[in-house]
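Peer 1: Before we start, here is the structure in question, set down as structure tokens.
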Amino acid sequence: MEVPFDRRPVKRTPDGMAKKTPKIAFRTTLKREPKSGELALIVVPGDVRAVFGKARPAVRAMLGKYTFRTTIAVYGGKSYVGVRRSHREAAKLAPGQSLRVVLELDDAPRVVTPPKELAAALAKDAKARAAWDALSYTHKREHAEAIEGAKKPETRARRVAAALAMLESR
């Protein structure tokens, strides 16, 4: 399989032609929603379903030179990409700033590796492991980020215990 300059493998059709990855590219101004706190939203122009084959596809969002994985959301018939504060800070973006956005279909599997403390606890508890495996990518990521973001060991332990309690209640 051929690997281009950006290190992603080139997918080929049965006749050897390179498959084009569906994408939408546009310029916009980043706006923070007053009711949403730290979330900034980007309105996606055009017909998302026609380009990607579904209304809420998983995409790689490229904001200038910064890339992150997300899912397009639909509210009130409009399509949006939410940009969390962590992504805005990493991309050095501020509300009101004009930027180029490229949304590209992301068909790679989404995998979250649990932090070592949580992984050890899940290895001992089959019910909690089954509940973890049934969680969505987003919920797994949120639990993992909360545990990894703890600065003190006792906070980490408390967050692992809370995650296990939530998993066992399912």
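Peer 1: Contour minus end-to-end for Ala165 and Arg100, with contour as 0.36 nm per residue of separation and end-to-end as the Cα-Cα distance?
Peer 2: Net length gain for the segment: 19.1 nm.
Peer 1: Longer than 27 Å from Cα to Cα, which of Lys78/Lys151; Lys23/Lys65; Lys92/Lys151; Lys23/Lys92; Lys54/Lys140 are they? Say none if no pair is.
Peer 2: Lys78/Lys151
Peer 1: Report the Stokes-Einstein translational diffusion coefficient (µm² s⁻¹, integer) for the chain, Rh taken as the Kirkwood radius over Cα pairs, at 20 °C with viscosity 1.002 mPa s.
Peer 2: So the translational diffusion coefficient is about 116 µm²/s.
Peer 1: R0 = 22 Å: FRET efficiency of Lys23 with Phe68, Cβ-based, nearest 0.05?
Peer 2: 0.90
Peer 1: Largest first and in whole Å, give the semi-axes of the range 58-133's equivalent ellipsoid, each being the square root of 5 times a Cα gyration tensor eigenvalue.
Peer 2: 32, 16, 12
Peer 1: Could you pull out the longest piece of the chain with no exposed loop GluC sites (Glu not before Pro) in it, calling a site exposed if DSSP puts it outside H, G, I, E, B and it has at most 12 other Cβ atoms within 10 Å?
Peer 2: 39-170
Peer 1: How large is ³J(HN,Hα), in whole Hz, for each residue of the range 55-69 in order, when computed from phi with the Karplus curve 6.51 cos²θ - 1.76 cosθ + 1.60 and θ = phi - 60°, using x for Gly and Pro?
Peer 2: Per-residue couplings from phi come out as 6, 10, x, 6, 9, 9, 9, 10, 9, x, 9, 8, 10, 9, 9 Hz.
Each value in this text was obtained by applying a stated rule to the coordinates, not by laboratory testing. If you're wondering where the values come from, they're calculated on a predicted model, not measured in any experiment. Neighbour counts run over all protein chains shown; Cβ positions are idealised from the backbone, glycine included.
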